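The values are calculated or read from the model by the stated rules, or taken from the named source; none is laboratory data. In this text, all values refer to a predicted model and were calculated from it rather than measured experimentally. Cβ sites come from the backbone with ideal geometry, for glycine too, and all protein chains shown count toward neighbours.
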Amino acid sequence: MRGFDAAWLHLREPFDHAAREPASGALDLPGRLTRWRKRPPGEALAVIDLACGHGANLRALAPGLGGAQHWRLVDHDPVLLAAVPDALAQWARRREYRFMLTGDASDEQGIDIAGPDFHAKVVCHRLDLARDLASLDFGEMPLVTASALLDLVSVSWLQALIHQARAARAALLFGLTVDGRMAWSPTDPGDELVHGLFSQHQRRDKGFGPALGSQAAAVALQQMACADYKALQTCTDWVIDGALAPEMQRAMVEGMADAALEQDPAARDAVQCWKARRMAGIIGTRLRVGHVDIVATPA
Ligand SMILES: C[S@@+](CC[C@H](N)C(=O)[O-])C[C@H]1O[C@@H](n2cnc3c(N)ncnc32)[C@H](O)[C@@H]1O
């Protein structure tokens, strides 16, 4: 759950989609982008997806954005980037979209996907965003997006990103930022201890400096306001019913227990007992994990 391997990203993707789909009406991203920037007919929207993993953010957004789109998917992990074409091909097949690989060995390898209301050209770009964000060319007035990234980054990195985006007059969409809310039903006497340690662990450096963890959404909104962005947020919570999704709930319990133990090895007995009780009760347990999506356009 704390790693970013394709198996975990694959496991969480249906929960991400279920959380974001109802929220998309509240954010009205296509309407907001049209009001922000009227593009001549046929001109593609440039979209830069930071820390793209295996492309889940594109799968969540491209059909709803509609029209012509040019996506640049950026991540530092070559294994995840290599998994993008296959993940997009499978998605396209399920949705009956047209899918094509473009380019050749001498050219930039690309992907072309078309559905009834959208046409996306996609390229992948390997980059260490912690070190080399400034080298990423945003062009003019793109949509800069990321999902499940902001809790990993530091205040100063986020500030640099928002300044770079503002200079390019970019719109911003940050999806699925954890906000610290976590509600188990039924509750357990060990929840508070484990959540506390888990939240502290979320603040550890993930390569971008001291991580924002559950403060990320609040800090992002503050920084956007300072950079003269007009922002709107909406909740995109995961709801994990153990009877319907035991594998996901097990991954949450394991991930939280591992993080708590790493944070405070002295709490071993209490954390192991919490884990054992939670594992035994998976089927009758429901977990809500708070996330928010934020969209912002230059004022
Ligand atoms: C929680 S995953 C989210 C992936 C994807 N956006 C999604 O929603 O499925 C975080 C992503 O950040 C990427 N990442 C972490 N550190 C990075 C860095 N320094 N530069 C670029 N990407 C990074 C990981 O490889 C991983 O794909």
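Candidates Arg59, Arg32: the one that is out of contact with any helix residue (DSSP H, G or I) (no Cβ under 6 Å at 6 or more places or on another chain), at negative phi and either touching a residue at least 60 places away in the same chain (Cβ under 8 Å) or of a type outside the set (A, V, I, L, M) (or both) is Arg32. Restricted to segment 66-79, and to residues there that are buried (at least 20 other Cβ atoms within 10 Å of the Cβ) and among the hydrophobic types (A, V, I, L, M, F, W, C), the residue that is nearest to Phe99 (Cα to Cα) is Trp71.
Is at least one residue of segment 265-279 under 23 Å from Arg20 (Cβ atoms) and either within 16 Å of the ligand (Cβ to nearest atom) or polar (S, T, N, Q) (or both)? Looking for residues that are under 23 Å from Arg20 (Cβ atoms) and either within 16 Å of the ligand (Cβ to nearest atom) or polar (S, T, N, Q) (or both), one finds none in segment 265-279, hence no. Selection over segment 126-149 of residues that are more than 8 Å from the ligand (Cβ to nearest atom) and in contact with an Asp or Glu (Cβ under 8 Å, 6 or more places away or on another chain) gives a count of 2. With the structure loaded, tell me whether Ala251 is of a type in the set (A, V, I, L, M, F, W, C) and exposed (fewer than 15 other Cβ atoms within 10 Å of the Cβ) or whether it fails that test. The answer is no for Ala251.
Within segment 191-209, the residues that satisfy the criterion of being more than 16 Å from the ligand (Cβ to nearest atom) and either in contact with a Lys or Arg (Cβ under 7 Å, 6 or more places away or on another chain) or hydrophobic (A, V, I, L, M, F, W, C) (or both) are Leu193, Val194, Leu197.
The set of residues from segment 50-68 being out of contact with any strand residue (DSSP E or B) (no Cβ under 8 Å at 6 or more places or on another chain) and away from the ligand (no atom under 14 Å from the Cβ) comprises just one member, Gly64.
Which ranges mark the strands (runs of 3 or more DSSP E) fully within segment 103-211 that have 3 or more residues being of a type in the set (Gly, Ala, Ser), surrounded by 16 or more Cβ atoms within 10 Å (Cβ to Cβ) and in contact (Cβ under 8 Å) with a residue 40 or more places away in the chain? Ranges flagged: 171-185. Given the structure, is Leu152 out of contact with any His (no Cβ under 7 Å at 6 or more places or on another chain), near the ligand (Cβ under 10 Å from one of its atoms) and of a type in the set (A, V, I, L, M, F, W, C)? Criteria met by Leu152.
Of the numbered conditions (1) farther than 19 Å from Ala148 by Cα; (2) in contact with a Ser or Thr (Cβ under 8 Å, 6 or more places away or on another chain), Glu247 fails exactly one; give the number of that condition. If we test Glu247 against (1) farther than 19 Å from Ala148 by Cα; (2) in contact with a Ser or Thr (Cβ under 8 Å, 6 or more places away or on another chain), just (2) comes out false.
Out of segment 11-26, which residues are away from the ligand (no atom under 12 Å from the Cβ), among the hydrophobic types (A, V, I, L, M, F, W, C) and either in contact with a helix residue (DSSP H, G or I) (Cβ under 8 Å, 6 or more places away or on another chain) or modelled with pLDDT of 90 or more (or both)? Answer for segment 11-26, where residues must be away from the ligand (no atom under 12 Å from the Cβ), among the hydrophobic types (A, V, I, L, M, F, W, C) and either in contact with a helix residue (DSSP H, G or I) (Cβ under 8 Å, 6 or more places away or on another chain) or modelled with pLDDT of 90 or more (or both): just Ala18.
Conditions tested, residue by residue: (1) under 13 Å from the mean Cα position of the chain (by Cα); (2) closer than 24 Å to Ala89 by Cβ.
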{"position": "Ala7", "(1), (2)": "no, yes"}
{"position": "Ala23", "(1), (2)": "no, no"}
{"position": "Leu27", "(1), (2)": "no, no"}
{"position": "Gly31", "(1), (2)": "no, no"}
{"position": "Leu50", "(1), (2)": "yes, yes"}
{"position": "Gly55", "(1), (2)": "yes, yes"}
{"position": "Arg59", "(1), (2)": "yes, yes"}
{"position": "Ala68", "(1), (2)": "no, yes"}
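Under 16 Å from Ala148 (Cα atoms), acidic (Asp, Glu) and touching a helix residue (DSSP H, G or I) at 6+ places or on another chain (Cβ under 8 Å), is that true of Asp179? Against the criterion (under 16 Å from Ala148 (Cα atoms), acidic (Asp, Glu) and touching a helix residue (DSSP H, G or I) at 6+ places or on another chain (Cβ under 8 Å)), Asp179 qualifies.
Among the residues of segment 265-285, those that are among the charged types (D, E, K, R) and surrounded by fewer than 16 Cβ atoms within 10 Å (Cβ to Cβ) comprise Arg268, Asp269, Arg277.
Aromatic (Phe, Trp, Tyr), more than 30 Å from Ala299 (Cβ to Cβ) and either in contact with a strand residue (DSSP E or B) (Cβ under 9 Å, 6 or more places away or on another chain) or away from the ligand (no atom under 13 Å from the Cβ) (or both): which single residue out of Trp8, Trp91, Trp71, Trp36 fits that description?
On the way: Trp8 fails: either in contact with a strand residue (DSSP E or B) (Cβ under 9 Å, 6 or more places away or on another chain) or away from the ligand (no atom under 13 Å from the Cβ) (or both); Trp71 fails: more than 30 Å from Ala299 (Cβ to Cβ); Trp36 fails: more than 30 Å from Ala299 (Cβ to Cβ).
Criteria check complete, one pass: Trp91.
Residue-level check: of (1) away from the ligand (no atom under 16 Å from the Cβ); (2) more than 22 Å from Gly175 (Cα to Cα), Val79 misses just (1).
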